[in-house]
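A.B. asks: Please find one structure pasted underneath; my questions will follow.
The values are calculated or read from the model by the stated rules, or taken from the named source; none is laboratory data. It should be emphasised that the depicted structure is a prediction, and the values quoted were computed from it without experimental measurement. Cβ placement follows ideal geometry from the backbone for every residue including glycine, while neighbour counts extend to all protein chains displayed.
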Amino acid sequence: MLLGAWRDALDDQGLGVEDEFLARGGDSVLATRIVAALHEELQTDRIRVRDVFTTRTVAAVAAALLAEDPDWARIAEIALEVSRLSAADLDLALRASS
């Protein structure tokens, strides 16, 4: 999720978790896009535009989130599991849980 938001905003699918935001062409408009996408995807307002500039990398943002709230690790695990499901499997899982 984090890396995807950065890659989409910077239009750079080769971006890695240790690549610096500004060195890859980042600016305040793109930082705002990243934060907006993460707010929507993660349903949180804990990530701010200034965080993108002060942490500089996806890895550093992830580390900051985990330091702030260890539950982010479990949230990330669940998101990864869900992203690996096919649409049909996701539909079955959702039906089974309701």
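A.B. asks: State the number of residues belonging to region 1-27 that are of a type outside the set (K, R) and assigned to a loop (DSSP other than H, G, I, E, B).
C.D. replies: 17
A.B. asks: Out of L38, L30, report the one residue that is in a helix (DSSP H, G or I) and more than 13 Å from V58 (Cβ to Cβ).
C.D. replies: That would be L30, the only listed residue that is in a helix (DSSP H, G or I) and more than 13 Å from V58 (Cβ to Cβ).
A.B. asks: Moving on. Here are some conditions: (1) surrounded by 15 or more Cβ atoms within 10 Å (Cβ to Cβ); (2) over 28 Å from A93 (Cβ atoms); (3) free of Cβ contacts under 8 Å to residues at least 24 places away in the same chain. A23 meets all but one. Which one does it not meet?
C.D. replies: Among (1) surrounded by 15 or more Cβ atoms within 10 Å (Cβ to Cβ); (2) over 28 Å from A93 (Cβ atoms); (3) free of Cβ contacts under 8 Å to residues at least 24 places away in the same chain, the lone unmet condition for A23 is (1).
A.B. asks: Within region 51-58, is even one residue at pLDDT below 80 and either part of a loop (DSSP other than H, G, I, E, B) or of a type outside the set (S, T, N, Q) (or both)?
C.D. replies: Looking through region 51-58, none of the residues is at pLDDT below 80 and either part of a loop (DSSP other than H, G, I, E, B) or of a type outside the set (S, T, N, Q) (or both).
A.B. asks: Give all pairs with beta carbons closer than 6 Å in which a residue from region 34-50 that is β-branched (V, I, T) meets a residue that is outside any helix (DSSP H, G or I); count only pairs at least 6 apart in sequence or on separate chains.
C.D. replies: These pairs meet every condition: V35/I47.
A.B. asks: Being surrounded by 10 or more Cβ atoms within 10 Å (Cβ to Cβ), in a helix (DSSP H, G or I), within 12 Å of the chain's Cα centre (by Cα) and on the phi < 0 side of the Ramachandran plot is the requirement here; does I47 meet it?
C.D. replies: no
A.B. asks: Being under 12 Å from M1 (Cα atoms), within 12 Å of the chain's Cα centre (by Cα) and at pLDDT below 80 narrows it down to one residue among A37, A79; which is it?
C.D. replies: A79
A.B. asks: Only residues that are at pLDDT 75 or above and part of a helix (DSSP H, G or I): list them for region 82-98, please.
C.D. replies: Matches in region 82-98: A87, A88, D89, L90, D91, L92, A93, L94, R95, A96, S97.
A.B. asks: Looking at region 5-19 only, could you name the residues that are among the acidic types (D, E) and surrounded by 13 or more Cβ atoms within 10 Å (Cβ to Cβ)?
C.D. replies: Across region 5-19, the qualifying residues are D8, D12, D19.
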